[in-house]
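See below for the structure under consideration.
The values are calculated or read from the model by the stated rules, or taken from the named source; none is laboratory data. Every value quoted in this text rests on a predicted model; they were computed, and no experiment measured them. Glycine gets a Cβ as well: all are built from the backbone with ideal geometry, and neighbour counts include every protein chain shown. Remember, those area values only see protein heavy atoms, side chains included, never the ligands or the DNA or RNA. Shrake-Rupley method; radii C 1.70, N 1.55, O 1.52, S 1.80 Å.
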Amino acid sequence: MAARAPGEADAIRAIPVRHWGRWVSGAAVLVVVAWVAWSAARSGFIDGQQVRRYQFSPLILKGLRATVVLAVAAQAAGIVLGVVFAVLRQSKNVVASWVAAFYIWFFRGTPVLVQLFFWYNGVPSVWKRIVIAVPFTHLTLYSARTVDFMTPFMAAFLGLALNEGAYMAEIVRAGILSVDEGQVEAAHALGMTPMLTMRRIVLPQAMRVIVPPTGNEFISMLKTTSLAEAITYGELLRRASDIYSSTLNVVPLLVVASIWYLVLTTVAGTGQYFLERRFARGRARSGDGDLGSPWGRIRRAVGGRPRV
Amino acid sequence: MVRAERVHKRFGRVEALRGVDLTVQPREVTVIIGPSGSGKSTFLRCINHLEQISAGRLWVDGELVGYRQDGDRIYELREREVARRRAAIGMVFQRFNLFPHMTALENVTEAPVRVKGVPPGAAGAAARRLLDRVGLANKVDCYPAELSGGQQQRVAIARALAMEPKLMLFDEPTSALDPELVGEVLEVMRGLAADGMTMIVVTHEMGFAREVGHHLVFMDDGVVVEEGPPRTVFAEPREARTRAFLSKVL
């Protein structure tokens, strides 16, 4: 035994507990998955060559771009609407808080697909023209037939954004409520106005609670854009179905679309991870380091020593 | 500096303050003691309008708290105006209430920059001087979670001082601290008192009340029961309730 400084203790070098049950059940699951994949491949309906052929075809890439544009635009607008309606919901102004409550109730309570049809088909048949004018003058800033204004993109954007805003309002509200009352009092005691307190003190702290479900919402939004197919917006699924409706190779093109959706949601999920780390700033547990990261978890699961 | 006349505060059915009369002189340290639930914290919070009083009159520096008087009429103040008056009163809380997403330095510069419009450079330099004064020159870049309770409370004091208040309110500033950290916070407060800051301190630290306080107020059941120079009140309490309380805490 090596010479040791007095008082230094023996490190514990124990043999870790072996979880045999985990290995057995893990193997069983892998067998089932392998069998499903093999039988699907053998059926011939998933034609790898077809998938490769269409994965990067110009039409599919165009649809991919349209999906990303719609998802990002609708989510961004949804976040803004969410913050506005969450703050209105808490407002001392009774009218404001009731309007916010009604908005959330209405848009959360009706299916998105119905809302999309409403914007695309309903609105142009009810209101024939859209006019933005200065009241009591003859000045007209914008005038158009509603059918021309309500393009598939515009209808999909409005429908998804307004629907998302209702969900985001509840998420933001939960975030605001999670911030300690003492924070508001401290800010007020320093002479900060309610608006400044909300912007500088409450919302930044609420972000820690808001970011994880918002990442979830965005991942969900990436996929929900496929509903816009129903109102002829040329997003990913629409482009895929455009192709298979003439060539009849349905399954390969659904696989192509699914692969792109998986790529998009994976990228979004990774972004969410880094955003969460950013907003954990100043929290004691932000120093978890390797143990909290996905790689750290895998390393730990396979029995390696976590790097601390 | 502060004058209270028959101040009442009601929370629903509970009457927390039942007619508080009190006068605080400039450059004086007023210490308020009393059993929990006696209304001393509520009264302190009324002084900078974190609570609105239900009845009576309360003045700070000659101005009604939360209202503006014009002849016989009393007008409620706008939030912006309330905020402006609060900016002149520093407050230190029992649970520190530092902003956890900001470093010690940012905690201290936030209000001067955002409320008073002090240029960030000047505010930063002033904040460093204040943090140095409370003995935390080497902790400017730490987040609150990385500081001990005593250090957090000293940052909170520096944060309040950064607004150059004419009055400082302390709401049980050492009650949430481990016993060995109480001393460092009291030391900072003692220094402030020596510099002539007007202070109102709600505390259970009887030693501090005796040594640093100029004026001792004993509150119970929503009213001021007895007040006077600390040594007199401690040595010869006139009221039975004061005697009963002091016999328990001394």
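At-a-glance table
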quantity	calculated
Counted residues, the stretch B:16-39 - those being of a type in the set (S, T, N, Q) and surrounded by fewer than 16 Cβ atoms within 10 Å (Cβ to Cβ)	3
Count of the stretch B:55-84 residues which are facing another protein chain (nearest Cβ under 8 Å) and either closer than 30 Å to B:Val140 by Cα or of a type in the set (A, V, I, L, M) (or both)	2
Some residue of the stretch A:158-168 being touching a helix residue (DSSP H, G or I) at 6+ places or on another chain (Cβ under 7 Å), over 28 Å from A:Ser226 (Cα atoms) and more than 14 Å from chain B (Cβ to nearest Cβ)	no
Strands (runs of 3 or more DSSP E) (entirely within the stretch B:140-250) containing at least 1 residues that are under 22 Å from B:Gly90 (Cβ atoms), away from every other protein chain (no Cβ under 14 Å) and open to solvent by 20 Å² or more (accessible area, probe 1.4 Å)	B:215-220
Residue under evaluation B:His101, criteria (1) over 25 Å from B:Leu186 (Cβ atoms); (2) more than 9 Å from chain A (Cβ to nearest Cβ); (3) in contact with a Gly (Cβ under 8 Å, 6 or more places away or on another chain); (4) modelled with pLDDT under 95, criterion not met	(2)
Extreme residue, farthest from A:Thr214 (Cα to Cα), among residues of the stretch A:271-290 that are modelled with pLDDT of 50 or more and facing chain B (nearest Cβ under 9 Å)	A:Ala284
Condition met for B:Val82 (touching a helix residue (DSSP H, G or I) at 6+ places or on another chain (Cβ under 8 Å) and open to solvent by less than 70 Å² (accessible area, probe 1.4 Å))	no
Filter result for A:Val69 (open to solvent by less than 80 Å² (accessible area, probe 1.4 Å), more than 22 Å from A:Leu177 (Cα to Cα) and β-branched (Val, Ile, Thr))	yes
Tally, over the stretch B:51-98, of residues that are without any contact (Cβ under 8 Å) to a residue 12 or more places away in the chain and aliphatic (A, V, I, L, M)	3
Counted residues, the stretch A:143-182 - those being open to solvent by 60 Å² or more (accessible area, probe 1.4 Å), farther than 17 Å from A:Trp119 by Cα and aliphatic (A, V, I, L, M)	1
Residue ranges of helices (runs of 4 or more DSSP H) in the stretch A:53-150 with at least 2 members at pLDDT below 85	A:123-126, A:146-149
Members of the stretch B:40-64 found to be part of a loop (DSSP other than H, G, I, E, B) and open to solvent by 10 Å² or more (accessible area, probe 1.4 Å), listed by number	B:His49, B:Leu50, B:Glu51, B:Gln52, B:Ile53, B:Ser54, B:Asp61, B:Gly62
Selection from the stretch A:192-207 of residues that are without any contact (Cβ under 8 Å) to a residue 24 or more places away in the chain and more than 7 Å from chain B (Cβ to nearest Cβ)	A:Met195, A:Thr197, A:Arg199
So A:Ser25, is it among the polar types (S, T, N, Q) and farther than 23 Å from A:Leu248 by Cα	yes
Residue within the stretch A:133-142 that is over 25 Å from A:Leu236 (Cα atoms), among the aromatic types (Phe, Trp, Tyr) and open to solvent by 80 Å² or more (accessible area, probe 1.4 Å) present	yes
Total residues in the stretch A:233-257, condition more than 17 Å from A:Ala66 (Cβ to Cβ), out of contact with any Asp or Glu (no Cβ under 8 Å at 6 or more places or on another chain) and part of a helix (DSSP H, G or I)	7
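Listed here are the residues, each with its yes/no results for (1) under 30 Å from B:Pro179 (Cβ atoms); (2) under 17 Å from the mean Cα position of the chain (by Cα).
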position	(1), (2)
B:Gly62	no, no
B:Pro100	yes, no
B:Arg114	no, no
B:Ile157	yes, yes
